[in-house]
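Q: Okay, here's the structure, questions in a sec.
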């Protein structure tokens, strides 16, 4: 699959086969995240790969009861380990930096036939407790990782003409 096809066909997966994900596949996916750009190349991220079933189910509960997360053979917790650089003179870059790395991870997983679902609804303190994450580290996202049972239909996207303008901002 070329990159355009990966981007066009990627779906959020919420039902996974019981089949395990090989360590080499997980590492290849994590390497894609490692190669992501970040402000000042600070790479302020760490990814926790959770295979332990009890911990996966606890993480699902910490994601406000989204049980499908714990049913995947792997859960990945994306963390920001530093403040990162500065964006626009007003914003720390770590949320954007980790999001870019997470996007690389999600797309690399799909290219290997593995499904993910970007989870932003979670109790950060509970995730930190489950994964023994230090207080200064921030949890940015969670994703289950595994082989999809089925691939959902594409969701509607706004037309290209509605998401950009030229030279100046136009409503």
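The values are calculated or read from the model by the stated rules, or taken from the named source; none is laboratory data. Keep in mind that what you see is a predicted model, and the values were worked out from it rather than measured. Cβ placement follows ideal geometry from the backbone for every residue including glycine, while neighbour counts extend to all protein chains displayed.
Q: Which numbered condition in (1) part of a helix (DSSP H, G or I); (2) farther than 25 Å from residue 13 by Cα is the only one that residue 134 fails?
A: Result: residue 134 fails condition (1) only.
Q: Let me ask you something else. From (1) in contact (Cβ under 8 Å) with a residue 12 or more places away in the chain; (2) closer than 30 Å to residue 2 by Cβ; (3) more than 11 Å from the chain's Cα centre (by Cα); (4) surrounded by fewer than 15 Cβ atoms within 10 Å (Cβ to Cβ), pick out the condition that doesn't hold for residue 110.
A: The one condition residue 110 does not meet is (4).
Residue-wise test of (1) in contact (Cβ under 8 Å) with a residue 40 or more places away in the chain; (2) surrounded by fewer than 19 Cβ atoms within 10 Å (Cβ to Cβ); (3) within 16 Å of the chain's Cα centre (by Cα); (4) within 23 Å of residue 132 (Cβ to Cβ).
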position: 9; (1), (2), (3), (4): yes, yes, no, no
position: 30; (1), (2), (3), (4): yes, yes, yes, yes
position: 40; (1), (2), (3), (4): yes, yes, no, no
position: 45; (1), (2), (3), (4): yes, no, yes, yes
position: 52; (1), (2), (3), (4): no, yes, no, yes
position: 59; (1), (2), (3), (4): yes, no, yes, yes
position: 77; (1), (2), (3), (4): yes, no, yes, yes
position: 80; (1), (2), (3), (4): yes, no, yes, yes
position: 91; (1), (2), (3), (4): no, yes, no, no
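This table checks each residue for (1) within 23 Å of residue 23 (Cβ to Cβ); (2) buried (at least 22 other Cβ atoms within 10 Å of the Cβ).
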site	(1), (2)
63	no, yes
73	yes, no
86	no, no
94	no, yes
126	no, no
135	no, no
153	no, no
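Q: Any residue that is assigned to a helix (DSSP H, G or I), under 14 Å from residue 47 (Cα atoms), touching a helix residue (DSSP H, G or I) at 6+ places or on another chain (Cβ under 7 Å) and at pLDDT 95 or above - is there at least one of those in region 87-100?
A: yes
Q: A further question follows. Please specify each residue of region 43-78 satisfying the condition of being over 20 Å from residue 108 (Cβ atoms) and touching a helix residue (DSSP H, G or I) at 6+ places or on another chain (Cβ under 7 Å).
A: Those that are over 20 Å from residue 108 (Cβ atoms) and touching a helix residue (DSSP H, G or I) at 6+ places or on another chain (Cβ under 7 Å): 55, 56, 57, 58, 59, 60, 62, 63, 66, 67, 70.
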